[in-house]
Amino acid sequence: MSEIDKAQEAVEELLELVVDALDLDAEIVVRADGDVVTGTLVGEDLGLFIGRHGQTIDAVQHLAQRIVFHGRPSDLRIVIDAAGYRDRRAGALRRQADEAAEEAVRTGRPVALDPMVASERKLVHEHLRDRGDVETYSEGDEPERHLVVAPMLEDA
Amino acid sequence: MKELLEELARRLVDEPDEVSVEQFEEDDGTIVLELAVAEDDYGKVIGRGGRTANALRTVVKAAAVRENRRVLVDIVE
């Protein structure tokens, strides 16, 4: 069995376990697209699975990564999703990032964002990079690690 | 919840047969789950900065919500 087949099987098993334990009425869909294996729950009422600020779905995603990789380096990426949650979350993060950038430019001061997991910090960092008038850097330790959006200093 | 924690831990470690979970109930009804694994596997269930331990707690807590219970996960060495 190839690495990607094993990863898909492990993700499927993990999601079955969680769906059972949380008593969810959901279908499990596991897909591989290039190096990305995505396990998605499709169903109604997935709030408990997603959790506050996505805490639970991110915990499941972390466990999925640890289970699949077992601490070994890999080129694969594992994503756990639920009925469009990651898209909605990405949209909300981009909006927050834009607001923070506008505030930083307006006030000339750095603006700290809420704590985010590494993949979300990367998304925001890349989103703001194209603006050219702010820079972003991370501060603090997990799980409180967060991005700071600072106005770019004008070249002297 | 006990089974969930056991199954998750078994998938994380190198020695799944060494995983054990003891369940206790406190006076206020809180369920305490004590997780033990093989000596060399503690790093696997705790993770960098305790991230994996926190993820285990978060998922087990979600299962407890379904049963209207409070749950504490202890990793015992």
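Quick notes on this structure:
Rundown of residues vs (1) touching a Cys at 6+ places or on another chain (Cβ under 9 Å); (2) without any contact (Cβ under 8 Å) to a residue 24 or more places away in the chain; (3) outside any helix (DSSP H, G or I), yes/no style:
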| residue | (1), (2), (3) |
| --- | --- |
| B:LEU5 | no, no, no |
| B:GLU22 | no, yes, yes |
| B:LEU33 | no, no, yes |
| B:ASP41 | no, no, no |
| B:LYS44 | no, no, no |
| B:ARG51 | no, yes, no |
| B:ALA55 | no, yes, no |
| B:THR58 | no, yes, no |
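- Unique residue being at pLDDT 95 or above and surrounded by fewer than 19 Cβ atoms within 10 Å (Cβ to Cβ) when the list is A:ARG109, A:ARG145, A:ARG88, A:ARG129: A:ARG109
- Hey, B:VAL60 touching a strand residue (DSSP E or B) at 6+ places or on another chain (Cβ under 6 Å), facing another protein chain (nearest Cβ under 10 Å), within 24 Å of A:GLU12 (Cβ to Cβ) and β-branched (Val, Ile, Thr) or not: yes
- B:VAL32 vs. criteria under 18 Å from A:ARG66 (Cα atoms) and hydrophobic (A, V, I, L, M, F, W, C): no
- Taking every residue in the stretch A:129-149 that is within 14 Å of chain B (Cβ to nearest Cβ) and pairing it with any residue that is loosely packed, with under 13 Cβ neighbours inside 10 Å and outside any strand (DSSP E or B), at least 6 positions away or on another chain, the pairs with Cβ-Cβ distances below 6 Å are A:GLU142/B:GLY49.
To keep it simple, each residue is scored yes or no on (1) under 19 Å from B:ARG11 (Cα atoms); (2) surrounded by 15 or more Cβ atoms within 10 Å (Cβ to Cβ); (3) in contact with a strand residue (DSSP E or B) (Cβ under 6 Å, 6 or more places away or on another chain); (4) not small (Gly, Ala, Ser).
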| residue | (1), (2), (3), (4) |
| --- | --- |
| A:LEU24 | no, yes, no, yes |
| A:ASP58 | yes, yes, no, yes |
| A:HIS62 | yes, yes, no, yes |
| A:ILE67 | yes, yes, no, yes |
| A:ARG72 | yes, no, no, yes |
| A:ILE78 | yes, yes, yes, yes |
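- Subset of the stretch A:112-125 [modelled with pLDDT of 95 or more and either among the acidic types (Asp, Glu) or not in a helix (DSSP H, G or I) (or both)]: A:ALA112, A:LEU113
- Matching residues in the stretch B:1-37 - criterion: being small (Gly, Ala, Ser) and away from chain A (no Cβ under 14 Å): B:SER20, B:GLY29, B:ALA36
- Residue ID - farthest from A:LYS122 (Cα to Cα), chosen from residues in the stretch A:46-87 that are outside any helix (DSSP H, G or I) and within 12 Å of chain B (Cβ to nearest Cβ): A:LEU46
So that you can scan it fast, the table gives a plain yes or no per residue for (1) modelled with pLDDT under 95; (2) not hydrophobic (A, V, I, L, M, F, W, C):
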{"residue": "B:GLU6", "(1), (2)": "no, yes"}
{"residue": "B:ALA9", "(1), (2)": "no, no"}
{"residue": "B:VAL13", "(1), (2)": "no, no"}
{"residue": "B:ASP28", "(1), (2)": "yes, yes"}
{"residue": "B:ASP40", "(1), (2)": "no, yes"}
{"residue": "B:VAL45", "(1), (2)": "no, no"}
{"residue": "B:LYS61", "(1), (2)": "no, yes"}
{"residue": "B:LEU72", "(1), (2)": "no, no"}
{"residue": "B:GLU77", "(1), (2)": "yes, yes"}
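- Considering (1) part of a loop (DSSP other than H, G, I, E, B); (2) crowded, with 19+ Cβ neighbours inside 10 Å, the lone condition that B:ASP14 does not fulfil carries the number (2).
- Out of A:GLU99, A:GLU103, one residue alone is of a type in the set (D, E, K, R), at pLDDT 95 or above and in contact with a strand residue (DSSP E or B) (Cβ under 7 Å, 6 or more places away or on another chain). It is A:GLU103.
- A:THR136 being touching a helix residue (DSSP H, G or I) at 6+ places or on another chain (Cβ under 7 Å) and either of a type outside the set (Lys, Arg) or surrounded by 15 or more Cβ atoms within 10 Å (Cβ to Cβ) (or both): yes
The values are calculated or read from the model by the stated rules, or taken from the named source; none is laboratory data. These figures come from a predicted structure and were not determined experimentally. As a convention, Cβ positions derive from the backbone with ideal geometry for all residues, glycine included, and neighbour counts pool all protein chains shown.
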